[in-house]
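Here is the structure we will look at, set down as structure tokens.
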Amino acid sequence: MKESDTLTSSLMTFVSLQWITGLSRTACKADPVSCRLWAEPQMPGLSMNGDFIIGGIFSIHFYINSEQNTFTTQPLQPQCSGRSLRIARAVEFAIHEINSRTDLLPGITLGYQIYDSCAAVPMAIKAAFQFTNGMESFFSDTDSCSKSAAAAVPALVGDSVSTTSMSMARILGLFGIPQVSHYATCACLSDKRQYPAFLRTVPSDHHQAAALAKIVKHFGWTWIGAVRSDTDYGNYGMASFLKAAQEEGICVEYSESYYRTDPRSKLEEVANVIRRSTARVIVAFLQSGEMRFLLEELARQPPPPIQWIGSETWIIEPEFLSFNMCAGAIGFGVPRSVIPGLREFLLDLSPAQALKSPLLTEFWESSFSCSLTGSSGGARECDGSEDIRALQNSYTDTSQLRFTIMSYKATYAIAHAIHGKKDNRSSHIFKLYAPLQILDQLKRVNITTNNGFQVSFDSSGDPVAVYELINWQVKEDGGLDFVTVGQYDASKPRGQEFSMSRAISWMGGQKEVPRSVCSESCPPGTRKAVQKGKPVCCYDCIPCAEGEISNKTDSLNCVRCPSEFWPNTQRDSCLPKPVEFLSWDDTLSIILTVFSISGAFIAVCVTAVFYTHSTSPIVRANNSELSFLLLFSLTLCFLCSLTFIGRPSEWSCMLRHTAFGITFVLCISCVLGKTIVVLMAFRATLPGSNVMKWFGPPQQRLSVLTFTLIQVLICVLWLTISPPLPFKNLNQYKERIILECGLGSAIGFWAVLGYIGFLSLLCFILAFLARKLPDNFNEAKFITFSMLIFCAVWITFIPAYVSSPGKFTVAVEIFAILASSFSLLICIFAPKCFIIMFRPEQNTKKHLMGKVPSDSY
């Protein structure tokens, strides 16, 4: 209850207790050894004498009608309305059944005193005090000590409501009187420090709350509403559920409370919250009274279809089946069973028997609309034609026995506890200490009744939690009915508690599970980003960042792919990055290969022409030995470009760079040798010069060999210290891998290129100096032009090589090799081959010496 209601209830309870147990001070002053109670004790609704009296307190009536207390006069006896008699009579039946047995409490007769608490705390406390003190109106100090010390009952069954059970348990626990409830499910009652004498045959709401949270999670509902009774039952139960729901990742859009005595404005407020909400699933931890009011209010302006999830107090209440808006509701109820013989016992009721009890009299008169006592103001008198078997109400309906069985089991548990402690001691001594002894024995009870009902308690006084999953399904005639569709057993291993037996019919009769989420699930490839100021179940789906994936639905984070993998288009899996290199089947590779082979073929053809005409003046005049060596090196230059194509490997990486460096140095060395020979030849014509003796064929061969060996030495050092090896370039492109040959030692690479550049520059300078020497066929001009192209190619190569992406880096290098090789081949040998093939008349010594008139060209 709310704090203000609790205070008011406490004041009412105090006044009521003054009326219930207050002693007449006037009477005490007049007779100091004898006192009289202010009010008459409440008489039990159902009773029977016996050797041991089993107490019973039940919410037989649902509502209490009382006048406003003025606190100036003694309160009147509260009047109750509403009725549920079957559970109380089940205790009667159990006691009669036990008394007829010879194996249980032989020679001992059990009796009972059953009171009506009207689901009200004052009434429950009044009955509890009477169980502790008895019903005598006078108390005398001269009475025996044992009479005043002994409790009126050794144990009792009840109550039906958690709040009243808590109030009773605090009183009864002080006297050690065991209380076994059949219906009080509040998890708080498991606390043995506060309620040491409380036990129950119905499972604690702790298990029900956990089961409700699991079933909500099972069907994928992450966005729900919650409504509870503003009582101990509702507040404690909902608190347990919300804790379990949070652990399951379930978000609650709203959590509203209501009590049946609240103003109507409060009820309307709760109903409007439900109507406006986006959650289509509502967990209702409500008692029957609050649920009835809420459904009636919602029926005035029906909300969108709602999937109700109910607690056991209303999900198995037949009177709610008239609310069609609850079609498809599911919830947990204690297992249904049958008590053999109970229906016959309930129907074995005559007018004469009904007159023996005010409760039975009221039941008979209201059921048949007649009067047994003749004092019902205008109602006809019962004439004996009434047939109780023709009635169809909750009293005669034994098809839905759930909590009725719990009261039946509680009675048997107390009987077995008495049986276990009864010995040869005198009845007087036993009765004196019976409550504490029976409480001790009750904690050890572990029996199976003749009907097959298992009865046992754990250390908290609770039984094993077993529930049936109830579904409200539409019948053929359009009405609703309870259908058991599964079971929940808390004693089974985690994850195996649920077992479904049949299909569930959902709200509106639909077969598919309704959805109730704040945000739709984020597909793979995205991650959840919580919306600011909203619960975690409300989120946006953000695509994974570049290079990241999520392969599960509703991923909280994206995972970066390994370095050699890249997300697919959907970003839900990592695929190996494509490895890129200049492969043989690439169009660019094919073009470069054609040029490379063509260049080598041309060089061979030129070699054949020169060899065929090796005795001709133009061949002999241009140093045929160096020319053949130059053509050989050019052929190697063209072919070495092929080593740059294909998948890089260790041998190909080392071969391509060293072959390129050595063949080009060999080529430039030959050109340099030819240039020096041309330059020195003209200097040798000067009088007194004998310089040509230092540049004869042996010296030419030695110079070419020396220049080439220097490059070989550089390459050997490069390969020895840090050779070029293949490596996967993961940095240049995010989505693919560039497989290329690493330089190993950058110094080695640039030393090879630098040496080639040095020789090329030296050759260019010397050829430039000899370009104007007098000769009809001055080879220095062609060497100058070829070196100019060669240097231009390699100067532009450097920035192009550095900036080219991926496989185009290799292509640029191949292009530079082919371009420089073609420049040498064309510039140096094309004019000679043209004269040899097409101008043979110019292939004479006179023509080469410049002794032919100019008009003959």
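The values are calculated or read from the model by the stated rules, or taken from the named source; none is laboratory data. Keep in mind the model is a prediction, meaning the values are calculated, not measured. We place every Cβ from the backbone using ideal geometry, glycine too, and count neighbours over all the protein chains shown.
Residues of region 238-284 being among the small types (Gly, Ala, Ser) and surrounded by 17 or more Cβ atoms within 10 Å (Cβ to Cβ), which ones? It would help to see each step written out before you state the result.
Of region 238-284, the ones among the small types (Gly, Ala, Ser) are 239-240, 244-245, 249, 255, 257, 265, 271, 277, 279, 284.
Once the filter is applied, which keeps residues that are among the small types (Gly, Ala, Ser) and surrounded by 17 or more Cβ atoms within 10 Å (Cβ to Cβ), region 238-284 yields ALA239, SER240, ALA244, ALA245, SER255, SER257, ALA271, SER277, ALA279, ALA284.
Find the residue count for region 296-350, including only residues that are hydroxyl-bearing (Ser, Thr, Tyr), in contact with a helix residue (DSSP H, G or I) (Cβ under 8 Å, 6 or more places away or on another chain) and surrounded by fewer than 17 Cβ atoms within 10 Å (Cβ to Cβ).
The number of residues fulfilling the criteria is 1.
Taking strands (runs of 3 or more DSSP E) that fall entirely within region 525-583, which contain at least 2 residues that are in contact with a Pro (Cβ under 9 Å, 6 or more places away or on another chain)?
Per the criteria, 526-530, 565-567, 574-576.
With the checklist (1) over 30 Å from the mean Cα position of the chain (by Cα); (2) buried (at least 22 other Cβ atoms within 10 Å of the Cβ) in hand, flag the one item ARG228 doesn't pass.
For ARG228, the failing item is (1).
Among the residues in region 583-599, are any buried (at least 18 other Cβ atoms within 10 Å of the Cβ) and at positive phi?
The answer is no, given that none of the residues of region 583-599 is buried (at least 18 other Cβ atoms within 10 Å of the Cβ) and at positive phi.
Kindly establish whether SER376 is within 28 Å of ALA209 (Cβ to Cβ), modelled with pLDDT under 85 and outside any helix (DSSP H, G or I).
no
Determine whether region 839-856 contains at least one residue that is of a type in the set (D, E, K, R), out of contact with any Gly (no Cβ under 9 Å at 6 or more places or on another chain), surrounded by 16 or more Cβ atoms within 10 Å (Cβ to Cβ) and modelled with pLDDT of 70 or more.
In the first step, residues of region 839-856 are kept if they are of a type in the set (D, E, K, R); the result is 839, 841, 845-846, 851, 855.
From the residues that got through so far, the ones that are out of contact with any Gly (no Cβ under 9 Å at 6 or more places or on another chain) too are 839, 841, 845-846, 851, 855.
Checking the rest, the ones that are also surrounded by 16 or more Cβ atoms within 10 Å (Cβ to Cβ) come to none.
Among the residues of region 839-856, not one is of a type in the set (D, E, K, R), out of contact with any Gly (no Cβ under 9 Å at 6 or more places or on another chain), surrounded by 16 or more Cβ atoms within 10 Å (Cβ to Cβ) and modelled with pLDDT of 70 or more, which makes the answer no.
Between residues in region 381-404 that are aromatic (Phe, Trp, Tyr) and residues that are assigned to a loop (DSSP other than H, G, I, E, B) and surrounded by 11 or more Cβ atoms within 10 Å (Cβ to Cβ), which pairs lie under 7 Å by C-beta distance while being six or more apart or on different chains?
Final answer for the pair search is TYR395/LEU85; PHE403/HIS182; PHE403/TYR183; PHE403/VAL202; PHE403/VAL334.
For region 196-229, what are the residues that are charged (D, E, K, R) and within 15 Å of MET166 (Cβ to Cβ)?
Within region 196-229, ARG200, ASP205 meet the criteria.
Which of (1) surrounded by 15 or more Cβ atoms within 10 Å (Cβ to Cβ); (2) of a type in the set (Ser, Thr, Tyr); (3) modelled with pLDDT of 75 or more; (4) under 21 Å from GLY599 (Cβ atoms) does TYR755 not meet, given it meets every other one?
Just one mismatch for TYR755, condition (4).
Applying the selection to region 456-479, what residues are surrounded by fewer than 20 Cβ atoms within 10 Å (Cβ to Cβ) and more than 24 Å from HIS218 (Cα to Cα)?
SER456, PHE457, ASP458, SER459, SER460, LYS475, GLU476, ASP477, GLY478, GLY479
Determine whether ARG571 is within 15 Å of the chain's Cα centre (by Cα) and crowded, with 18+ Cβ neighbours inside 10 Å.
no
Would you please name the residue that is nearest to the chain's Cα centre (by Cα), looking only at residues in region 576-594 that are of a type outside the set (Asp, Glu) and closer than 17 Å to ARG656 by Cβ?
The first filter runs over region 576-594 and keeps only residues of a type outside the set (Asp, Glu), leaving 576-579, 581-584, 587-594.
Adding the requirement that they be closer than 17 Å to ARG656 by Cβ leaves 581-584, 588-589, 592-593.
Details: PHE581: 43, LEU582: 46, SER583: 47, TRP584: 50, LEU588: 51, SER589: 52, LEU592: 56, THR593: 57 Å.
Taking the candidates together, the pick is PHE581.
Scan region 497-504 and give yes if some residue there is touching a strand residue (DSSP E or B) at 6+ places or on another chain (Cβ under 7 Å), among the polar types (S, T, N, Q) and surrounded by fewer than 13 Cβ atoms within 10 Å (Cβ to Cβ), otherwise no.
Within region 497-504, one or more residues are touching a strand residue (DSSP E or B) at 6+ places or on another chain (Cβ under 7 Å), among the polar types (S, T, N, Q) and surrounded by fewer than 13 Cβ atoms within 10 Å (Cβ to Cβ).
Collect the residues in region 600-619 that are under 18 Å from LEU634 (Cβ atoms) and surrounded by 19 or more Cβ atoms within 10 Å (Cβ to Cβ), keeping them in residue-number order.
Across region 600-619, the qualifying residues are ALA600, ILE602, ALA603, VAL606, PHE610, VAL619.
Restricting attention to region 470-524, and to residues there that are without any contact (Cβ under 8 Å) to a residue 40 or more places away in the chain and more than 26 Å from the chain's Cα centre (by Cα), which single residue is farthest from GLU248 (Cα to Cα)?
Among residues in region 470-524 that are without any contact (Cβ under 8 Å) to a residue 40 or more places away in the chain and more than 26 Å from the chain's Cα centre (by Cα), the one farthest from GLU248 (Cα to Cα) is ASP477.
If you go through region 556-576, how many residues are touching a residue at least 40 places away in the same chain (Cβ under 8 Å) and among the basic types (Lys, Arg)?
1
Filter region 392-410 down to residues that are part of a loop (DSSP other than H, G, I, E, B) and surrounded by 14 or more Cβ atoms within 10 Å (Cβ to Cβ) and give me whichever is modelled with the lowest pLDDT.
GLN400
Yes or no: SER322 closer than 27 Å to SER394 by Cα and of a type in the set (Ser, Thr, Tyr)? Write out each step before concluding.
Working: closer than 27 Å to SER394 by Cα: yes; of a type in the set (Ser, Thr, Tyr): yes.
Spelling it out, SER322 is indeed closer than 27 Å to SER394 by Cα and of a type in the set (Ser, Thr, Tyr).
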